[in-house]
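Single-structure report; data block below.
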Amino acid sequence: MPTIDALSGHLNDYLDLEQIRDVRRAYFYAEQAHDGQRRKSGEPYVTHPLAVADILTNMRMDHQSLMAAMLHDVIEDTGIPKVALAEQFGDVVTELVDGVSKLTHIKFESKEEQQAENFQKMILAMAKDIRVMLVKLADRLHNLRTLDALRPDKRRRIGRETLDIYAPVAHRLGLNSIRIEMEELCFDAMYPM
């Protein structure tokens, strides 16, 4: 599991010191906001946004994307309002976080509606800022990596949703290694034998 210090070391390769400080500040903000929260695996919740940022670091994403990765669950999971996030981190990072949150909350009646609507929402999100989609894909990938902590029926549902929606988007964006890992993790969740 990555640490903020290890992540910062990787960021030294391509970001300047002030940008790294901003990413670290977002991490510590998320750590404080998620204090006391745990993932289903029992790990402190902040390990998830840190892992999402680590995935994006391997893609050499900009500091605002990494900050959004650190903060992507703060609005929806901690009760911190969007305006407070904007005051701390500015409008660009807050809009990225908000875009990821909106993609997370899409609910549908039927399978066909789910696929069509999700693709439409994602395309709209990408039209505004492609980084929203990249943070969401990294978020989904890390969630897939940690599926073992969930019930089998939830693992299968998340696997099917990923194969229907997120893996094709990763493919369309040319993120082949992410698509392949998503597909392998989904097949493992859906067909464990």
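A few notes on this one:
- In the range 181-193 there is at least one residue that is buried (at least 16 other Cβ atoms within 10 Å of the Cβ), farther than 22 Å from ASP54 by Cβ and modelled with pLDDT under 95.
- Total residues in the range 143-165 satisfying the condition of being assigned to a helix (DSSP H, G or I) and open to solvent by 10 Å² or more (accessible area, probe 1.4 Å): the figure is 15.
- Search result, residues across the range 75-91 that are of a type in the set (Val, Ile, Thr) and either in contact with a Gly (Cβ under 8 Å, 6 or more places away or on another chain) or surrounded by 14 or more Cβ atoms within 10 Å (Cβ to Cβ) (or both): ILE75, THR78, ILE80
- Some residue of the range 50-73 being of a type in the set (A, V, I, L, M), modelled with pLDDT under 95 and in contact with an Asp or Glu (Cβ under 7 Å, 6 or more places away or on another chain): no
- Residues within the range 1-55 that are of a type outside the set (Ser, Thr, Tyr) and not in a loop (DSSP other than H, G, I, E, B), tallied: 32
- Selection within the range 16-41: residues that are over 24 Å from ASP91 (Cα atoms) and in contact (Cβ under 8 Å) with a residue 12 or more places away in the chain. The member of this set that is most open to solvent (accessible area, probe 1.4 Å) is LYS40.
- Filter result (touching a residue at least 60 places away in the same chain (Cβ under 8 Å) and over 13 Å from LEU134 (Cβ atoms)) within the range 43-67: HIS48, ALA51
The values are calculated or read from the model by the stated rules, or taken from the named source; none is laboratory data. In this text the structure is predicted, and so the values were computed from the model without any measurement. All Cβ positions, even for glycine, are placed from backbone atoms using ideal geometry, and neighbour counts span all protein chains on display. SASA here: full protein model, heavy atoms, side chains in, ligands and nucleic acids out. Shrake-Rupley method; radii C 1.70, N 1.55, O 1.52, S 1.80 Å.
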